[in-house]
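Enquirer: Please find one structure pasted underneath; my questions will follow.
Every number in this text was worked out from the coordinates using simple rules, so none of it is lab data. Nothing here was measured: the structure is a model prediction, and the numbers come from that model. Positions of Cβ are backbone-derived with ideal geometry, glycine not excepted, and every protein chain shown enters the neighbour counts.
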Amino acid sequence: MKITIGSDHGAVALKDEVKMVLKGYGDIEVKDVGTFGTDSVDYPDIAEKICADVVSGEADRGIALCGTGIGISIACNKVKGIRCALCNDVFSAKKSREHNDANVLAMGGRVIGPGPAGEIVRAWVETPFSGESRHVRRIGKISSIENK
Ligand code: RB5
């Protein structure tokens, strides 16, 4: 699996933690689109880079981080084809995959610590989309909204 990850200055430490978790799988290719320091950057710019990789197929999924996870998740969800889920718990992470086929996970570096974040990432990476018809139908309706 290929994952593109990025954060603004509010979640650089969390980005490094998440990269360690992903490295632990051994078969996940990670592309980091920054930011790499504490200088202030604008999260929509990071969101665009992550989502460009996901919609082009260069990445299978994306992980988007900012201080709260809110701003970057809002920005990601403006990109056609992106279903970004802001998850601060394992249950939501699993359901975002099973029910919503979320292709981007967002978290907040000022909201959750590295331990819970690692569990959320593992749950999100390992949980497949259920493929159940009602969920397929609902995701189709999301796409219809995008096309209006
Ligand atoms: C940056 O200070 C902060 O606004 C950003 O990381 C995020 O929390 C926005 O939603």
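Enquirer: For Val90, project a label point 7 Å along Cα to C-beta. Then give me every residue of the range 8-46 with its amide nitrogen under 20 Å of that point.
Expert: Taking a point 7 Å out along Cα→Cβ of Val90, the residues of the range 8-46 whose backbone N falls under 20 Å are 17-26.
Enquirer: Counting other beta carbons within 10 Å of each residue's own, what order do Leu105, Leu22 fall into, fewest first?
Expert: The most exposed by this proxy come first: Leu22, Leu105.
Enquirer: At 7 Å along Cα-to-Cβ for each site, give me the label-to-label distance between His135 and Lys148 in nm.
Expert: Simple spin-label model gives 2.5 nm for this pair.
Enquirer: Output the 0 to 90 degree angle, nearest 10, between the alpha-carbon long axis of helix 43-56 and the longest principal axis computed from the alpha carbons of the chain.
Expert: That works out to roughly 50 degrees.
Enquirer: Would you mind ranking Phe91, Phe129 by Cβ crowding within 10 Å, fewest neighbours first?
Expert: With the fewest neighbours first, Phe91, Phe129 line up as Phe91, Phe129.
Enquirer: Rg/Rh for the chain to two decimals, with Rh computed the Kirkwood way over all alpha-carbon pairs.
Expert: Ratio of gyration radius to Kirkwood radius: 0.95.
Enquirer: On C-alpha positions alone, give me the angle between the axis of helix 133-147 and the longest principal axis of the chain, in degrees, nearest 10.
Expert: Between the helix axis and the principal axis of the chain, the angle is about 70 degrees.
Enquirer: Looking at Val18, Thr35, Ile50, which one has the Cα that reaches farthest to the positive end of the dipole of the range 16-70 (charges on Cβ: Lys, Arg +1; Asp, Glu -1)?
Expert: Going by the Cα projections, it comes out as Val18.
Enquirer: Further question: Please return the longest range in the chain lying between exposed loop sites, taking GluC sites (Glu not before Pro), DSSP loop only, at most 16 other beta-carbon atoms within 10 Å, and leaving the sites out.
Expert: Maximal segment without exposed cleavage sites: 59-131.
Enquirer: Could you give the distance between the Cα centres of the range 100-142 and the range 1-49, to the whole Å?
Expert: Comparing the Cα centres of the range 100-142 and the range 1-49, I get a distance of 16 Å.
Enquirer: Cα gyration tensor of the range 77-147, axes a ≥ b ≥ c as square roots of the eigenvalues: rounded (a/c below 1.5), prolate (a/b > b/c) or oblate?
Expert: Verdict is oblate for the range 77-147.
Enquirer: Taking Cα atoms, how many degrees apart are the long axis of helix 114-126 and the longest axis of the chain, rounded to 10 and kept between 0 and 90?
Expert: 30 degrees
Enquirer: Right, here's the next one. Kirkwood Rh, the range 41-101, all Cα pairs: how many Å?
Expert: 11.8 Å
Enquirer: I need the calculated FRET efficiency for the pair Ala13 and Ile74, taking r as the beta carbon distance and R₀ as 30 Å, to the nearest 0.05.
Expert: 0.85
Enquirer: To the nearest 20 debye, what charge dipole does the chain have about its Cα centre, counting +1 at the Cβ of each Lys and Arg and -1 at the Cβ of each Asp and Glu?
Expert: For this selection, approximately 640 debye.
Enquirer: Testing the spin-label approximation: label points 7 Å from Cα along Cα→Cβ at Lys23 and Lys49. State their distance in nm.
Expert: Placing both labels 7 Å beyond Cα along the Cβ direction yields 1.9 nm.
Enquirer: Compute the relative contact order of the range 1-112 as a whole-number percentage, counting only Cα pairs closer than 8 Å that sit 6 or more residues apart in sequence.
Expert: 30 percent
Enquirer: Can I ask one more? Taking the simple approach of a point 7 Å from Cα along Cα-to-Cβ for both Glu119 and Asp32, what is their distance in nm?
Expert: With each label point 7 Å from Cα toward Cβ, the separation is 2.6 nm.
Enquirer: Taking H placed 1.01 Å from N in the peptide plane, check which residues at least 5 places from Ser7 or on another chain put their amide H under 5 Å from its amide H.
Expert: Gly34, Thr35, Leu65
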